[in-house]
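Written out below as structure tokens is the structure these notes cover.
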Amino acid sequence: MISRWILAFAGLAVASAHATDVNVIGLFTGKAVIVIDRGAPRTISAGETTAEGVKLISADSKGAVLEIDGKRQTLEMGQHFESAAQTASRTSVTLPADSGGQFIADGMVNGVHMRFMIDTGATYVSIPASEAARLGIDFRKGKLARSLTANGPVEVYRVTLDSVTLGDVTLFNVEGVVHQSPGLNLGLLGMSFLGRMEMRREGGSLTLIKRF
């Protein structure tokens, strides 16, 4: 009887020490794309409970109501919740919003300087052809594809970037596309980079924390 009690107490201690880490990276009516404990992104529907015990109560374009460790939390796009903070050992970068509410920052691709705009609506890191040439990327050896933009479909070349750096965060082997659309001289930092980060939006700043 005593040994059973000891085992039960030990199990309770382990459970209470666990930190549930949830990040919202996509919002739809009745659905949300979330990252739990720095794992792979997943889509859950209202009423669904994950194996980790995170339940989606409701969601729309403005935010998601989640039940985490028995408590309800409302998270907007890019917002993050941790039941016990454990981020000190992970590299991160914090970006201020510009006057238009956009997040634009200097970074590097393959070790060479490049200016980026954060774009959660972009699937890949997107680079103008003129910038790709400056970076020494032979994009024409990449796979030709089509991408739908606000100005209609454009041809792009699929490439793999050796490294993408933003602040103290560096990711390797990042999927990207090179486009030849006129008038675009900024790189777009899309989900092939952001999907490997935790995104925390607080006021006029955005913090990106490396997951893997």
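When 122, 132 are screened for being open to solvent by less than 90 Å² (accessible area, probe 1.4 Å), touching a residue at least 40 places away in the same chain (Cβ under 8 Å) and in a loop (DSSP other than H, G, I, E, B), only 122 passes.
Find the residue count for the stretch 166-211, including only residues that are open to solvent by 70 Å² or more (accessible area, probe 1.4 Å), under 19 Å from residue 41 (Cα atoms) and out of contact with any Lys or Arg (no Cβ under 9 Å at 6 or more places or on another chain). Qualifying residue count, the stretch 166-211: 3.
Among the residues making up the stretch 152-200, those that are touching a Phe, Trp or Tyr at 6+ places or on another chain (Cβ under 9 Å) and basic (Lys, Arg) are 158, 196. Here residue 181 meets the list (1) of a type in the set (Ser, Thr, Tyr); (2) in contact with a Gly (Cβ under 7 Å, 6 or more places away or on another chain); (3) outside any helix (DSSP H, G or I) almost entirely, failing just condition (2).
The values are calculated or read from the model by the stated rules, or taken from the named source; none is laboratory data. What you see is a predicted model; the values in this text were computed from it and never measured. When we count neighbours, we look across all protein chains shown, and the Cβ atoms used for this are built from the backbone with ideal geometry, even at glycine. Ligands, DNA and RNA are stripped out before the accessible areas are found, and what is left, the full protein with its side chains, is counted by its heavy atoms. Shrake-Rupley method; radii C 1.70, N 1.55, O 1.52, S 1.80 Å.
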